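A short write-up of the structure that comes next.
The values are calculated or read from the model by the stated rules, or taken from the named source; none is laboratory data. This one's a predicted model, so the numbers in the text were calculated from it and none came from an experiment. Cβ coordinates were reconstructed from backbone atoms using ideal geometry, including for glycine residues, and neighbour counts include every protein chain displayed. Protein only, heavy atoms only, side chains kept; ligands, DNA and RNA dropped before computing areas. Shrake-Rupley method; radii C 1.70, N 1.55, O 1.52, S 1.80 Å.
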Amino acid sequence: MVRVGVSKNSRLICATLLVADQSVDQMLNAMHQAKTQGADLVQIDLGSVADSDLKFLLENKPIPVVLVSRPKWEGGECNSNEQEHLQTLLLAKDLGADYIDLELKVASALIKEDKFQQLKSSKIIVSAYLDSFTALLEDPSILVAEMKSTEADVIKFVWEAANITETVTAFDLLSNSQVPTIAYCTGERGLISQLLSFKFGGVFAYGSIEGNTIPGLPSIDSLRQAYGVKNIDKSTEVLGLISKPVSHSKGPLLHNPTFRHAGYNGIYVPMFVDNLKEFFSVYTNPDFAGFSVGIPYKEAIIDFCDEVHPIAQSIGAVNTIVRRRDDGKLVGYNTDCEAAISAIEDALKYRDGLNGKQCPVSLLSGKQFILVGSGGAGRALAFGAKIRGARVVVFDIDFERAKSLAAAVLAEALPFEDLLTFQPEKEAILANATPLGMHPHVDQRIPVPEETLGNYKLVFDAVYNPRKTRLLKEAEAAGAIVVSGVEMFLRQAAAQFSLFTGKNKAPEEFMRGIIMEKF
């Protein structure tokens, strides 16, 4: 087999395999899976493989192999003394390991003993596994210089991110390095360091294979297909979803293929953000060109916008931010409002045989509009319904919050517990703007009595994962028109596409096709 070389311009997707307690046949099968799913090479912990199995794996490998060697005394899995550890490394080299990944202290010890060069027929990765981000804060150049002095083929920095702001240091390490470098953060907050590795000059991006998922790592398939990481370059603009949590989002499945379809050099990534002030103080690079805004930040994020579009200002919620290209200012928009209300109106038109026709008055005019939830999505629905002439009633578990929204749209607010006994008017509209029913809590729904669901002409659920929530299933069974949050998601995403890219028209049919296939 021809070995995969590595240079400063390399872009290799590496599948991290967890092989502890697996048979050698299972290990080999995992290697084949990784190759089939699009990995360029696989990484295996040397401490998880017996010497006899190692020989079989390396003689039959279908794909180049990185063997990670971290002895127990450095926090790894290799349970051997220093001499045994060296013998295992030499065996791996002799058997044809493509890469050997050594911890810096181990490499330094081997250099002092003049044994480091014995491994050089394999490519050498020298790694610094840092206990915390603070280890880099004082003077990272000292650590970088020490690692470069080993003359390794690749240097590597790894730490667990306590905050997404730490990933910027990984990007700086990659951008400023003159040698092939890997730098990433583990954990959900560090996920974007894998997704954006190639943009900033990293030589590896790590992922997991199907059925062998690893927390904080994207799948190999998503790296290749959803994110298209091999297509990005230094000029790629980054768009991100600011949310907490963020793992539920299917935005990357929609936006990234759409960007590629439209010829826009951008990548859309999930951003697990704990603190908006810290985030915006660090993420100032103009390459971070815009953001979607999710739970729970749609209202609070207004304070971090330099300008806010009048509609978003009136609603009091922003779900889209664009970094204006000419002056770098952050401009906030709300694409939720029109997306949700137009989806509801179009469903009513379709039921009444008015599809495609212009109505002089909104079909929401005069109708009772029962809104559950007064957060960012709830505010968008309330303002949109009010503008269309509906009579809004607001419920929220935080009654003061419900009253505040009701006052803003001249609506009525009722305590959340009153939902259990509330009797809507005939042909009222019910809209859920809470996360109840969102994956993985698909058995939940707002506490509307099942016997009253048939009184609603239409039930809307802002939750889009799953496409049809428990609330919508029960409402449909009761005879109501149902509108999924997927429809709102599509429409607001199409509006976001135009804001992000500067293109007037989003390819909505292409986007709808993705949603029907992937959601």
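The DSSP beta bridges internal to the chain are antiparallel in roughly 10% of cases. Put simply, the range 356-406 fits an ellipsoid with semi-axes of 24, 10, 7 Å; these come from the alpha carbon gyration tensor as the roots of five times its eigenvalues, largest first. Of the peptides 271-279, 358-366, 201-209, the ranking by mean beta-carbon count within 10 Å, highest at the top, reads 201-209, 271-279, 358-366. Excluding same-chain neighbours fewer than eight residues apart, the aspartates and glutamates reachable from Lys503 by a Cα-Cα span under 15 Å are Glu237.
For P(r) over Cα pairs in 20 Å bins from 0, in percent, the value calculated from this model appears in (1) 17, 35, 33, 14, 1; (2) 21, 45, 26, 8, 0; (3) 22, 56, 21, 1 under label (2). Per residue, the range 450-501 exposes 31 Å² of accessible surface when a 1.4 Å probe is rolled over the protein heavy atoms with every protein chain present.
Straight-line cross-link reach from Lys115 at under 18 Å between alpha-carbon atoms covers these aspartates and glutamates, not counting any fewer than eight positions away in the same chain: Glu82, Glu84, Asp94, Asp101, Glu103, Glu146, Glu151, Asp153.
Taking amide H atoms as placed 1.01 Å from N in the peptide plane, the amide H of Phe157 lies under 5 Å from those of Ala128, Ile182, Ala183, Tyr184, each 5 or more residues away in sequence or on another chain. Sort out for me the Cα centre separation of the range 318-351 from the range 460-509, rounded to whole Å. About 12 Å separates the Cα centre of the range 318-351 from the one of the range 460-509. Taking the 1.4 Å solvent-accessible surface of the chain as the whole, the part contributed by carbon and sulfur is 49%. Listed cross-link partners Lys93/Lys120; Lys123/Lys234; Lys123/Lys156; Lys244/Lys386; Lys468/Lys518 are compared with a 18 Å cut-off, the Cα-Cα value being larger for Lys123/Lys234; Lys244/Lys386.
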